[in-house]
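Trainee: I have a structure here, written as structure tokens, and I will follow up with some questions on it.
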Amino acid sequence: MVTSDSAASAPSWAHAVVTGGAGFVGSHLCSALLARGATVTCVDDFCTGTPENVAHLMGQTGFTLLRRDVTEPFDVERPADLVLHFASPASPADYLRLPLHTLETGSLGTRNALALARRHGARFVLASTSEAYGDPQQHPQNERYWGNVNPVGPRSVYDEAKRFGEALTVAEAASNGTDTAVVRLFNTYGPRMRGHDGRAVPTFIRQALAGEPLTVTGDGAQTRSLAYIDDTVRGILAMAASDLRGPVNIGNADEITMLDLAHKIIQLAGSRSTVEFIGRPTDDPAVRCPDITLARGKLQWAPAVSADEGLARTIEWFRARAAA
């Protein structure tokens with residue numbers, strides 16, 4: 001087991017299991033772990049992830065793709081020393097389409113992933129979310145804030161699945177001594193997002209590249225804090241390499257309104273698109289910004305990729321896909 005994420009002591013594991021490993025964040029984790037010398041088992045049922053996301057890893061020594069639904073008990077062939085539980089529909093389009101599966105993945109799936117970690121004596125990291133804070137009344141949000149969540153609203157299937165997953169993870173550590181951690185991810189974006197997944201960044205980029213109006217909900221004054229995927233992956237692996245239980249916020253504290261984001265993407269894409277205002281979804285948070293004091297102090301981690309740089313990279317990835 002490793003102790004830090006410093007350049008002098010890069011974290012490494014013998015065998016990591018990544019549930020949801022063919023998803024957006026999960027596939028980047030698989031790549032990063034392989035690059036650090038780990039063997040990786042990617043577990044995915046492809047309800048939202050795609051084989052295309054890990055196609056570049058197929059055939060690489062040390063990579064195994066296991067098609068499984070984590071709501072059913074599962075195991076892996078080799079001893080594992082790290083389990084990253086990232087299986088879950090994560091975008092509004094997905095969790096509103098798959099409400100029961102989202103709840104089951106957060107409950108049964110988390111239980112089964114925890115059981116795997118317990119059997120193997122592995123470090124376990126749960127991917128939670130800024131949605132655990134709901135529509136926050138504290139700003140920015142630190143890990144001591146309990147949140148303001150509507151437990152029966154349309155977003156509750158995702159919000160409460162993650163909150164339950166956190167509770168289950170903490171209970172597992174207390175009851176069985178399993179080495180667990182919780183990270184709360186804030187608005188991660190980058191290559192391999194799906195253009196129609198309902199989140200702002202891929203939606204705006206898809207629309208800008210097609211010359212369509214960018215559909216900004218409400219008046220566009222609501223804010224988000226965007227974290228580029230490379231920064232998020234570094235934060236997750238720093239948490240995995242630590243002895244912290246969490247939860248720990250992993251995100252970028254630079255806040256932007258949705259209207260400003262739309263105009264920034266139009267500019268970076270060189271698009272002639274305009275902005276069109278549409279209705280705002282129920283329970284859509286008015287503000288979203290992480291307090292990352294804990295991650296900075298305990299993990300020696302901070303985001304390094306600016307919004308302009310990260311968005312430019314993401315736009316070029318979408319542009320290349322459209323041209324292929």
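The values are calculated or read from the model by the stated rules, or taken from the named source; none is laboratory data. This is a predicted model, so every value here is computed, not measured. No Cβ is skipped: glycine too gets one built from the backbone with ideal geometry, and neighbour counts run over all protein chains shown. The protein model used for the area step is the full one, side chains on, heavy atoms only, and it has no ligands, DNA or RNA in it. Shrake-Rupley method; radii C 1.70, N 1.55, O 1.52, S 1.80 Å.
Trainee: Scan segment 103-145 for residues that are among the hydrophobic types (A, V, I, L, M, F, W, C), over 17 Å from VAL76 (Cα atoms) and either open to solvent by 30 Å² or more (accessible area, probe 1.4 Å) or touching a Pro at 6+ places or on another chain (Cβ under 9 Å) (or both) and jot them down.
Mentor: LEU103, LEU108, LEU126, ALA132
Trainee: Let me ask something additional. Which residue pairs have Cβ atoms under 9 Å apart, sit 6 or more places apart or on different chains, and have a first residue in segment 137-159 that is on the phi > 0 side of the Ramachandran plot and free of Cβ contacts under 8 Å to residues at least 40 places away in the same chain and a second that is open to solvent by 30 Å² or more (accessible area, probe 1.4 Å) and assigned to a loop (DSSP other than H, G, I, E, B)?
Mentor: The qualifying pairs are GLY147/ASP135; GLY147/GLN137; GLY147/GLN138.
Trainee: Turning to a different aspect of this structure: Given the conditions (1) of a type outside the set (A, V, I, L, M); (2) under 20 Å from the mean Cα position of the chain (by Cα); (3) open to solvent by less than 20 Å² (accessible area, probe 1.4 Å); (4) more than 17 Å from ILE236 (Cβ to Cβ), which single one is not true for ASP69?
Mentor: Evaluating ASP69 over (1) of a type outside the set (A, V, I, L, M); (2) under 20 Å from the mean Cα position of the chain (by Cα); (3) open to solvent by less than 20 Å² (accessible area, probe 1.4 Å); (4) more than 17 Å from ILE236 (Cβ to Cβ) leaves (3) as the failure.
Trainee: Something else now. Inside segment 197-236, can you point out the residues that are closer than 22 Å to ALA253 by Cβ, polar (S, T, N, Q) and within 19 Å of the chain's Cα centre (by Cα)?
Mentor: Result: THR223, SER225, THR232.
Trainee: While we're looking at this one, here's another question. How many residues does segment 156-183 hold that are touching a Phe, Trp or Tyr at 6+ places or on another chain (Cβ under 8 Å) and outside any helix (DSSP H, G or I)?
Mentor: 4
Trainee: Kindly indicate whether VAL18 is within 30 Å of PRO151 (Cβ to Cβ) and either assigned to a helix (DSSP H, G or I) or not charged (D, E, K, R) (or both).
Mentor: In short, yes.
Trainee: If we only count strands (runs of 3 or more DSSP E) wholly inside segment 222-324, which ones have 3 or more residues that are within 21 Å of ARG206 (Cα to Cα)? Quick ask: steps written out before the conclusion?
Mentor: Numbers: elements: 223-225, 248-250, 255-257, 275-278.
Because the criterion is at least 3 residues that are within 21 Å of ARG206 (Cα to Cα), the strands (runs of 3 or more DSSP E) in segment 222-324 that meet it are 223-225, 275-278.
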